[in-house]
Every structure is written in C-alpha cells, then in structure tokens.
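See below for the structure under consideration.
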Amino acid sequence: MSRRILLILILAFGVILYGCTMKGAMFQNAENAFDRGDYAEAKRLYTQIIQKYPGSEFATKAKFRLAQICEKEYDWDNALKYYEQVTKEVKGGYLDAQSRSRMALIRKARQDIAKAKYIYDNNPGSERGNRAAAQALYDMAQAYERLGQYEKAIETYEKLLKEFPKYKNASQVQYQIGMIYFYKLYDYEKGWKAFLKVIKNYPDSDLAKASDRLLKQTEKTLNEIAALIEDVKKIRNEVAMRFEKMGRHVSQTDKYSIHAEKAAQDYIGIAQGWKKLKNYPNAIKAFKELADEIPFGQWAPNALFNAAELYQEMGDYEMAVKTYEELFRRYPHSFRRADAIYNEAICYEAMREFAKAYDLYKTYISLDETDENKVRRAEEKVAQWGYDEDGDGFPFYMEAQYGTSDKDPTSYPEKK
C-alpha cells in the first residue's frame, strides 16, 4: 500500500471518528438537558440531531425523546407522530416496545375522553341522563389520570362534585383528589385541604377515617424530614464557616469533618421519610445529594444504589440503568457492585434489551460475593435464553428482543 493511499485512509477514518464523536457529544448534551428537565434546550438539540444525522441511531433515539417531551407538554398529536416514526425505524427492543405501548395508551385515553365528553355534552337532563353525565365525568377524569394530566383530572373531578354532589362515589372522588395531590403532584398543602374536605363532607365514611389517619401520619413524617434537613444545614454551616474564617479551602471531607456519619444518617433519614410518603423524586434527590456531599466511605455508593433501586421501583428503567452505571464509574470496587449488576440485568430485561440483560446475568454468575438465590435465577435465565431451539443461529434472547419465534427457523431477526 502506498503512503498516499494510507494517508487517505487515515484521514477518512479520522473524519468518520470525528463525526461519531460529534454525534455522541451532541446527543449526550441533549440527554443532560432532558434529565435536568430543560425541555426547551433538549428539544432544540434533539431536533438538530435529527436534521444533521438522519437515519442514525441517534436520530431515532432523539425522536423517542421528543415524543416523551411532547407527552409532558400534553402535545398528544406530535407525541404519536414521533412514536410512530420510531416504530418504523426500529424493530424490537426498548424503543419499539415502549413506543407501541405509549401509542396504545394515548389513543385509548383520548378515545375515552372523547366518548365521555359526548355523553356529558348530550345529557338530556333526566335522572338517568344525569347519572350518565356524572359517570362520564368520572371516566373522563380517570382517562386524564392515565395520561398524566393530573391538573386536568382534578379539575374534572371537582366539576363532577360541584354539578353532581349526590354522585354515588362522591367521597371516593374527593379522596382521589387528595391522593393525586399527595402522590402525583407532591403538593401537600392542596392535598391536605382535599383530605380535610373528605373528613368534613363525608364524616361517617370509611374514607374520612382513612383521611384522618393519613394526615396524622403525613404530618409526623414531614416534621421529621424538616428537622433532619435543618440538622444537615446546621452541621454543614458550622464546619464550613469555621474553616473559612481560618482562611482554609473547604473540601468535601472538611465540610462535614467528624460529623460526616451524623450527616449521612440524616440524609438517609430524609430519603427514607420521602420514600415513606411515596415521594420517590425527593427520596432520590436526597440519596444523590448524600452521594455528592459525602463521596467518601461507603455512604455514597450505597446512596447511589438506593437511588437506582427507587428509579427501578418507579418503572423508570432508563434512569435506573444510568444511576447503576454512575455507581460503577465512581465506585468500581463497591460492595454494592454485584447487586447493582444483577439489578441492571433486570432493568434491561424489563426494557426488552435481552442481549444486554443476558450478558449482565452471565457477568453476575462469574462474580464473587453473590447471592445464592440470585445466582440460581441468573443461571436459569442464561441457560434458557442462550438456547437456540429452532437452530437458525439466533438464540432465544435475540429472538425475544426482536419479537421473532425460536420455534420456527424461518422466523428470525432481520438485519436493519
């Protein structure tokens, strides 16, 4: 090979590598904006990726993210448009399965809302018509809940109570308003008022008693959380101010000094308090703050592991995986490493990314300090998924990921 040809090949490879690096960097910037909730910036970057790199995997993932953002903005038509594009560009795996699932949910909920609105708008005013109209409002509110339009759901429930105060399940409706405020919007002030209405308006109902118990438990937990937050602030400020007055640079270790263990326990208590209230976003925030504020010792890796588990419990498998990966990156030799690998395999399995799950289950089996029951389950997965029943060269885990049959040799994943 001549030096000229070699130079051309090297330059060509460099251009390709640079292009891949640019795509990856732009996509990561968009992901960072998405994760922190800056959806305007995320939309701008995802749109650029689609325009600059059409047909790439990054462009497909960008369309999926745009669909998710449209959902958060209640822009259902565009959400469906982007999800449909994703299903045409990928076959099998997380993006395909999740897009199809979300499309089905959006379409069904919108149909239910349209049907309920028609019944309500065409209420003849008779006793039977009023019953049908009241039920239509209830069905409409339920559909808004499924869509995640919680404010609209509350508005519709309140309309139902105002127009049909004798609705058969009125106490349940008022109780549900409180539940949405507490466990979906995390607005304890408005939720408190909603539960008090249950107690006041339906004093003899079981839900009135349930509301009273819930308010007492919530008040106690919120007070405990507030006290722990103040304790952390006190520890941080006292130590930091002392060192700063001495003209010393305050490092993370210095910030808490001998009080690190107490501060860590406070953070754990805060996270557990929010978890008790099912406020997982705040619990995750507390665990992540612990990992950032006290990154030494075993507190940080354990906090990241707990945050990832909460994402997993919420069904946010993508964020769970990202958090497990952060644990591996920051603390590769952590005592939580083996359990994190096993849990990450479960996440990928739930995301229908069976190839990644298969590799992680195999990795878990090879590790020391594993749980005997988990090893047995992982071995069962590996044995089952690695078997190629129809002998077409594609083991079960590949067939499962792409929705093809491992019993029919003519049915197998097709390369894109």
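Key figures for this structure:
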| quantity | calculated |
| --- | --- |
| Residues of the stretch 126-149 classified as buried (at least 18 other Cβ atoms within 10 Å of the Cβ), within 19 Å of Gln68 (Cα to Cα) and free of Cβ contacts under 8 Å to residues at least 60 places away in the same chain, total | 3 |
| Some residue of the stretch 137-155 being more than 30 Å from Glu349 (Cα to Cα) and basic (Lys, Arg) | yes |
| Subset of the stretch 95-116 that is surrounded by 14 or more Cβ atoms within 10 Å (Cβ to Cβ) and basic (Lys, Arg) - its residue that is farthest from Lys63 (Cα to Cα) | Lys115 |
| Residue match in the stretch 405-412 (condition: within 29 Å of Glu57 (Cβ to Cβ), part of a helix (DSSP H, G or I) and among the aromatic types (Phe, Trp, Tyr)) | no |
| Filter result for Ala133 (part of a helix (DSSP H, G or I), closer than 30 Å to Glu84 by Cα and among the small types (Gly, Ala, Ser)) | no |
| Checklist (1) aliphatic (A, V, I, L, M); (2) surrounded by fewer than 13 Cβ atoms within 10 Å (Cβ to Cβ); (3) modelled with pLDDT of 90 or more applied to Ile5, failing item | (3) |
| Members of the stretch 181-200 found to be closer than 14 Å to Lys216 by Cα and buried (at least 21 other Cβ atoms within 10 Å of the Cβ), listed by number | Phe182, Gly191, Phe195 |
| Tabulated pairs, the stretch 280-309, first at positive phi, second assigned to a helix (DSSP H, G or I) and not small (Gly, Ala, Ser), C-beta under 6 angstrom, 6+ apart or interchain | none |
| Residue match in the stretch 386-405 (condition: in contact with a helix residue (DSSP H, G or I) (Cβ under 9 Å, 6 or more places away or on another chain), more than 19 Å from Lys91 (Cα to Cα) and not charged (D, E, K, R)) | yes |
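Yes/no matrix, rows are residues, columns are (1) within 22 Å of Lys278 (Cα to Cα); (2) at pLDDT 95 or above; (3) out of contact with any Lys or Arg (no Cβ under 8 Å at 6 or more places or on another chain):
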| residue | (1), (2), (3) |
| --- | --- |
| Glu158 | no, yes, yes |
| Phe164 | no, yes, yes |
| Gln172 | yes, yes, yes |
| Lys193 | yes, yes, yes |
| Asn201 | no, yes, yes |
| Lys209 | yes, yes, yes |
| Leu214 | yes, yes, yes |
| Lys233 | no, no, yes |
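The values are calculated or read from the model by the stated rules, or taken from the named source; none is laboratory data. Just so it is clear, the model here is predicted, and its values are computed rather than measured. Cβ atoms come from the backbone with ideal geometry, glycine included; neighbour counts cover every protein chain shown.
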